[in-house]
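Below is one structure, written out as structure tokens; the observations come after it.
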Amino acid sequence: MFIGHLPPGYIISLLLRPRIQWTGTQGTRFVFAGMPGAVAPDFDMLCFYLVDHRRHHHHTCFIHFPLLWFRLLLAAGVWLLSGRKQCNAALAFIFTLNGLAHMVLDSIVGDIWWFAPFVDQRFSLFTVPALYKPWRLNFILHWSFALELAVVGSAVYLWRRTLQPADCGLAGA
């Protein structure tokens, strides 16, 4: 995904918000905890540019390993079900769930090492051919970018819908 990680984080968090009421977590706080999780795996870009000097694919950094996010999600789930500090556990759960969703979305047209660090094999559902310069045009002109725009549009729609005041039967007033 090129631009489409934050909007799915919003959508997932917003849709799961009613399911966490039993934890006592404020809904807005839940959504705002999930959204950074949706982009957290891309923090490896700091290492990619500042430390590694672009020598290795940034998805080979441990923060982009799905196994890490599975383990964090499992730990957050156990914590959530343990009954202790459920509000914080719910926040950790949505953060890590959206981090794992990031891996799934990256797998559409990006290379993800699903079995790293044990297997050095990348996986991708589709390949974006390198036809244009600058490289960003390859992603923007690929059909998968329409999928990203649809996800962004869905997130904007849900956001606008949550801003609408409740209809109190006072039409025209």
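For a quick check of your reading of the model, give me the residue pairs whose first member lies in segment 141-154 and is assigned to a loop (DSSP other than H, G, I, E, B), whose second is surrounded by fewer than 15 Cβ atoms within 10 Å (Cβ to Cβ) and not polar (S, T, N, Q), with beta-carbon atoms closer than 7 Å and at least 6 apart or on different chains.
L141/Y132
If H102 passes every condition in (1) touching a Pro at 6+ places or on another chain (Cβ under 6 Å); (2) surrounded by fewer than 18 Cβ atoms within 10 Å (Cβ to Cβ) but one, which one does it miss?
(2)
Could you please find all residues in segment 138-172 being loosely packed, with under 12 Cβ neighbours inside 10 Å, of a type in the set (D, E, K, R) and either touching a strand residue (DSSP E or B) at 6+ places or on another chain (Cβ under 6 Å) or modelled with pLDDT of 90 or more (or both)?
If the condition is that a residue be loosely packed, with under 12 Cβ neighbours inside 10 Å, of a type in the set (D, E, K, R) and either touching a strand residue (DSSP E or B) at 6+ places or on another chain (Cβ under 6 Å) or modelled with pLDDT of 90 or more (or both), then R160, R161 are the ones that fit.
Quick check on my filter: what residues within segment 75-130 are of a type in the set (F, W, Y) and under 17 Å from F30 (Cα atoms)?
Scanning segment 75-130 gives W79, F93, F95.
What number goes with the only condition from (1) open to solvent by 50 Å² or more (accessible area, probe 1.4 Å); (2) under 18 Å from the mean Cα position of the chain (by Cα); (3) modelled with pLDDT of 85 or more that A38 does not pass?
The number of the failed condition is (1).
Would you mind finding the one in W113, W69, W79 that is farther than 30 Å from R19 by Cα, surrounded by 14 or more Cβ atoms within 10 Å (Cβ to Cβ) and aromatic (F, W, Y)?
Result of the check over W113, W69, W79: W113.
Can you name the residue in segment 14-35 that is polar (S, T, N, Q) and in a loop (DSSP other than H, G, I, E, B) and, of all such residues, is surrounded by the fewest Cβ atoms within 10 Å (Cβ to Cβ)?
Going through the qualifying residues, I end up with Q26.
What are the pairs with Cβ atoms under 6 angstrom where one residue, in segment 23-37, is free of Cβ contacts under 8 Å to residues at least 12 places away in the same chain and the other, located anywhere, is assigned to a helix (DSSP H, G or I)? Sequence gap at least six, or different chains.
G27/R17
Within segment 41-66, restricting attention to residues that are more than 18 Å from the chain's Cα centre (by Cα) and in a helix (DSSP H, G or I), which residue is surrounded by the fewest Cβ atoms within 10 Å (Cβ to Cβ)?
Here the residue is L50.
What are the residues in segment 77-121 that are in a loop (DSSP other than H, G, I, E, B) and of a type outside the set (G, A, S), if any?
Passing the criteria: R84, K85, D111, W113, W114, F115, P117, F118, V119, D120, Q121.
Against the condition outside any helix (DSSP H, G or I), closer than 30 Å to V128 by Cβ, open to solvent by 20 Å² or more (accessible area, probe 1.4 Å) and in contact (Cβ under 8 Å) with a residue 24 or more places away in the chain, how does I11 come out, does it pass?
The answer is no for I11.
The values are calculated or read from the model by the stated rules, or taken from the named source; none is laboratory data. These figures come from a predicted structure and were not determined experimentally. All Cβ positions, even for glycine, are placed from backbone atoms using ideal geometry, and neighbour counts span all protein chains on display. The protein model used for the area step is the full one, side chains on, heavy atoms only, and it has no ligands, DNA or RNA in it. Shrake-Rupley method; radii C 1.70, N 1.55, O 1.52, S 1.80 Å.
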